[in-house]
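Undergrad: Sharing a structure, written as structure tokens. Questions coming.
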Amino acid sequence: MKVLEVFINNSGFNPYRMRDQLGRTMKEDYDFQRIEAKWQKVWEDKEAFRVFEDTKKTKFYCLEMYPYPSGRIHMGHVRNYTIGDVISRHKVMKGFNVLHPIGWDAFGMPAENAAIKSGVHPQKWTLDNIAHMKHQLKRMGFYYDWGREVNTCLPEYYRWNQWIFLQMYSRGLAYKKKRWVNWCPQCQTVLANEQAAGNTCWRCDSEVEQKDMEQWFLKITEYAEELLSGHDLLKKWPEHVLLMQKNWIGKSRGAHVTFPVSGTDLSIEVFTTRVDTIYGATFVAISPEHPLSQKLISDSDQKERFQAWIDSSIKMQRLEKDLIEEEKIGIDTGKKAINPYSGEKVPIWIANYVLLEYGTGAVMAVPGHDQRDFDFAKKYSIPIREVIIPEGKSSSGELKEAFEGYGRLVNSGDFTGKTSEEAMNAMAQYAEDSGFGRGSILFRLRDWGISRQRYWGTPIPIIYCEKCGALGVPEKDLPVVLPPNVEFQGVEGSPLEHADSFVNTNCPQCGGQARRETDTMDTFFDSSWYYFRYCSSQEETKPFQPSAVDYWMPVDLYIGGVEHAILHLIYARFFCKILRDIGLTTMDEPFPHYLPQGMVTKDGSAMSKSKGNVVDPDEILARFGADTLRVFILFSSPPEKEIAWNEKGIEGSYRFLVRIWTFVQKNLDLFSRDKNQTLETVVESELHLPLKTKMHQTIKKVGDDIEKRYHLNTAISSIMELFNFLKKECDNLKNSQKDRDLLKNAMEILVLLLSPFAPHFCEEIWEKMGHQNLLLHTSWPVFDPELAREETVTIVVQVNGKLRDKFDAGRGLPKEDLERKALELERIRNIIGDKKIRKVICVQDKLVNVVI
């Protein structure tokens, strides 16, 4: 430390003041504030980002998930939107007709909470935040067509939420039902199952409670099978995202089997995925919420005690994760169920680990082959019977734990000796033939509860009349607008309940007194179709213009966080199918290509105000400018990977731009060329081969990295390599006019390639080079395939460490491409056959080892 202090005192250089010194240099040599403001105004004045349907051009619809207007953009926004912006700008330069819109997911609880705390109306709070965030996004230089901006809290948008709801209501896809629901005591509202995963509120992390309430639901379960089969169309989605959706939808093949209740005319239907184990059923267990639970204890001498236990159990948390850890308890009703296969009478229990919302709310309990049943049976001394044994093994005697695998049946009547697979088909068919069951398919997915007991959301367009019942608001009366004058007290129930002018209305059918629904819609309703609205955001007669949707949709690239895999992405796919069935589109899937971007972290964790590790984009814009931030946020890692904030990294990105700026300033005399000489004629001259080769290789590499691989970090790296090469060769390229022409051309190529990443910076340089046209509207450079051909190396391919084949590849080929090429080799495919690949080891430029 002493040595450092002496160095600072003697030299006048202080590394702790480096950012200030960089800032002064920036203002003297590269005035980013002036440059960025200048070009943002030019783009706005020229309406450079406006876009319209043009059948003569190939369209490209690039979309990032729109933001909630919390007040300020954060680094996650910056990263997400910069990724989309680079891809969009590149596509524009490639000649595509690019739709790159933005809007606001503007309803939600934070606005209402602000009203409770500070007295600011949610609308004012939201619109003020939008104004500030819009300014921030424009400062980033994003290529957004602001003429297509949508704002979900405005009546011109949410009237179409109401219209879509009414279309669903008329088709029986929206219904109201009393049901136990997830309740957040902090937010004072209901949550969908997807919003209460892990037993905590998705927004505030409060522990979720259960509440019995009347709620509006959407029948997403009607589309469960199609939501699964539609995955086959999503070839460009990450496999782990598809798996998350598959698990959430949860398709199960099995059988429904009816157990008569002995001595009564009652029966209990169970669903099982393991009908092959039914001879091992030693009791039947039903949920405390099962309709039969009351009937089964009605004549018991312990009815009051049993009822108290049932009531207590119903109030317990019902999420599956907790039930795995929760002690399994129950009560024996004293009643017996008859196993329709064996005729055996088994006790009927009411158990806390059986959920009404899964299956039928009743299970045939097979302790020998289900661990939960095993634990319960052990606790209450219920018999445990072995009816499946592993292939090639004999009965194990007394079971120490449940054997849950497949095997061969024992102690199973006429089905003994069959394999599990054989037995399941045969036993399901036997049940159907005998009239006590059937083979069936069940889904874990539940209908989407959209009712929210809050003000700041879309009013559900239903009117209740004592005479006529529940009626949809007539289309001519839409939108049902939120009343501006309401009180926000933070108590249970919606503030709309106390707004008499809103609640009291007339029945649209009989004209009598009626009242409006006071629940508002889940805000995920808004975001489930907004991508359609961008196609014709000013449309006034329908949610969107079908002809515009036919041109722009589907979204060619959708970018957003993977945390939305089982929320927004499932709901949006569901709505696309609904709107197709209504007749507004012919599309099955809205997002054929989904790119999840990684988080921005600092100090080892996600940026969060509570952790005190937030980096304010406004501060970085003030110190370094938008282009430096754009380059840094993309250079640090591939889009799908996490990025760690690094102060040295942002300074390094700034220095890179300053080096180019200085280099261009020093060589501007090259651009006093004949104005009739075009870029194309220069490219085709016989020029200096090493630089010419590097230039064309870089054009190819950067284009492929942006368009095919989305490896924007390696694209920037390649541009840096070209610049370093150019700077190194610069002094050797001024001896002849041909060499000077090459240097000049290479500098122009460098700026063109960098422009999607640092657009203000590059527009300014492009203008200084003497060009009159916007760089944005300049064609992307074309590479010569012969010159772009890279040096090749021979890649050795091993299987389990043994040499099996080889192939030639370009030096530096990414590991994922090496793996793909190796696995495409016919000899390697034949060796692997149907064996499982455990892992693939790639050593760049050397070998690929497939471990099977």
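The values are calculated or read from the model by the stated rules, or taken from the named source; none is laboratory data. Every value quoted in this text rests on a predicted model; they were computed, and no experiment measured them. Neighbour counts are summed over all protein chains in view; Cβ atoms, including those assigned to glycine, are modelled from backbone coordinates with ideal geometry. For accessibility, only protein heavy atoms count, side chains too; no ligands or nucleic acids. Shrake-Rupley method; radii C 1.70, N 1.55, O 1.52, S 1.80 Å.
Undergrad: Give me the percent of the accessible area of segment 131-271 that comes from carbon and sulfur atoms, probe 1.4 Å, all protein chains in place.
TA: Reported share for carbon and sulfur atoms: 48 percent.
Undergrad: Okay, moving on. Would you mind getting me the FRET efficiency between residue 301 and residue 504? Use the beta-carbon distance for r and R0 = 35 Å, nearest 0.05.
TA: Taking R0 as 35 Å, the efficiency between residue 301 and residue 504 is 0.10.
Undergrad: Now a separate question. Between 0 and 90 degrees, rounded to the nearest ten: what's the tilt of helix 303-314 against the longest Cα principal axis of the chain?
TA: For 303-314 against the chain, the angle is about 10 degrees.
Undergrad: Place +1 on the Cβ of every Lys and Arg and -1 on the Cβ of every Asp and Glu in the chain, take the dipole about the Cα centre, and give the residue among 129, 397, 547 whose Cα lies farthest towards its positive end.
TA: Checking the options against the dipole of the chain, the answer is 129.
Undergrad: Heavy-atom accessible area per residue, the chain, 1.4 Å probe: how many Å²?
TA: 45
Undergrad: Kindly rank 504-517, 266-279 from highest to lowest mean number of other beta carbons found within 10 Å of each residue.
TA: 266-279, 504-517
Undergrad: Rank 715, 340, 78 by how far each Cα sits towards the positive end of the charge dipole of the chain (+1 on Lys, Arg Cβ; -1 on Asp, Glu Cβ) and give me just the farthest.
TA: Most positive-ward Cα: 715.
Undergrad: Just to verify a number: FRET efficiency for residue 391 and residue 593, C-beta to C-beta distance, R0 = 41 Å, to 0.05? Could the numbers behind the result be given before it?
TA: Values: r = 43 Å, r/R0 = 1.06.
Once the sixth-power term is evaluated, E becomes 0.40.
Undergrad: Right, another one. Taking the Cα of residue 466, stepping 7 Å toward and past its beta carbon, and measuring to each backbone N in segment 508-544: which are under 11 Å?
TA: Hits in segment 508-544 for residue 466 at 11 Å: 513-514.
Undergrad: May I ask you to rank 466, 222 by accessible area, largest first, using a 1.4 Å probe over the protein chains only? Walk me through the numbers on the way to the answer.
TA: Working: 466 195, 222 120 Å².
Ranked from most to least accessible, the order is 466, 222.
Undergrad: A further question on this structure: Where both residues lie in segment 789-852, what percent of DSSP beta bridges are antiparallel, nearest 5?
TA: Bridges in segment 789-852 are about 75 percent antiparallel.
Undergrad: Moving on. Which trypsin sites (Lys or Arg not before Pro) from segment 101-184 combine a DSSP loop assignment with at most 16 other Cβ atoms within 10 Å? Walk me through the numbers on the way to the answer.
TA: Details: sites: 117, 124, 134, 138, 139, 148, 159, 171, 176, 177, 178, 179; in loops: 171.
When the trypsin sites (Lys or Arg not before Pro) of segment 101-184 are filtered for loop state and at most 16 Cβ neighbours within 10 Å, 171 remain.
Undergrad: Which is farthest toward the positive dipole end of the chain among 66, 568, 193, measuring Cα position about the Cα centre, with Cβ charges +1 (Lys, Arg) and -1 (Asp, Glu)?
TA: Looking along the dipole axis, the top candidate is 66.
Undergrad: Using amide H atoms built in the peptide plane, which far-off residues or other-chain residues are under 5 Å from residue 212 H to H?
TA: Sorted by chain and number, the residues that satisfy this are 181.
Undergrad: Return the carbon/sulfur percentage of the accessible area of segment 554-593, one whole number, probe 1.4 Å, all protein chains in place. Working shown, then result.
TA: Values: 500 of 930 Å².
Ligands and nucleic acids excluded, carbon and sulfur give 54 percent.
Undergrad: Take every DSSP beta bridge with both residues inside the chain and express the antiparallel ones as a percent of the total, to the nearest 5.
TA: 75
Undergrad: Cα axis of helix 2-11 to longest principal axis of the chain: angle in degrees, 0 to 90, nearest 10?
TA: 40
Undergrad: Moving to a separate point now. Under the rule of -39500 (n - 2.57) per DSSP H run of 4 or more residues, summed and divided by the residues of the chain, what mean residue ellipticity at 222 nm is obtained, to the nearest 500 deg cm²/dmol?
TA: Rounded to the nearest 500, it is -11500 deg cm²/dmol.
Undergrad: Let me ask something else. Tell me whether the chain comes out rounded, prolate or oblate; compute the Cα gyration tensor, take square roots of the eigenvalues as a ≥ b ≥ c, and use a/c under 1.5 as the rounded threshold.
TA: prolate
Undergrad: So which chymotrypsin sites (Phe, Trp or Tyr not before Pro) in segment 471-580 are both in a DSSP loop and have at most 11 other Cβ atoms within 10 Å of their Cβ?
TA: Those that pass, being in a loop and sparsely packed, number zero.
Undergrad: So which GluC sites (Glu not before Pro) in segment 130-218 pass both tests, a DSSP loop state and at most 16 other Cβ atoms within 10 Å of the Cβ?
TA: Qualifying residues, ordered by number: 149.
Undergrad: Let me ask another. Normalised by the residues of the chain, what does the relative contact order come to in percent, with Cα pairs under 8 Å and at least six apart? Intermediate results must be reported in sequence, preceding the final value.
TA: Values: 1443 pairs, mean separation 116.8, N = 852.
In percent, rounded to a whole number, it is 14.
Undergrad: Any idea what the dipole of the chain comes to, in debye rounded to 20, about its Cα centre with Lys/Arg Cβ at +1 and Asp/Glu Cβ at -1? Write out the running numbers ahead of the final one.
TA: Working: 111 positive and 118 negative charges, 337 e Å.
Dipole size: approximately 1620 debye.
Undergrad: So what's segment 30-177 giving for Cα Rg divided by 2.2 N^0.38 Å, two decimals?
TA: Ratio of Cα Rg to 2.2 N^0.38 Å: 1.26.
Undergrad: Still on this structure, please answer the following. Tell me the label-point distance for the pair residue 273, residue 540, using the 7 Å Cα-to-Cβ offset, in nm and rounded to one decimal.
TA: Each label point lies 7 Å from its Cα, and together they span 5.4 nm.
Undergrad: Could I ask something else about it? So for each of 402-409, 694-701 I average, over its residues, the number of other beta carbons within 10 Å; can you give me the resulting order with the highest mean first?
TA: 694-701, 402-409
Undergrad: Using only Cα atoms and rounding to the nearest 10 degrees, what angle (0 to 90) does helix 759-768 make with the longest principal axis of the chain?
TA: In the chain, helix 759-768 runs at an angle near 20 degrees to the longest axis.
Undergrad: Under the rule a/c < 1.5 gives rounded, and otherwise a/b versus b/c splits prolate from oblate, where does segment 211-315 land using the Cα gyration tensor?
TA: It is prolate, given that a/c is not under 1.5 and a/b is the larger ratio.
Undergrad: Moving on. R0 = 30 Å: FRET efficiency of residue 441 with residue 178, Cβ-based, nearest 0.05?
TA: Calculated transfer efficiency: 0.65.
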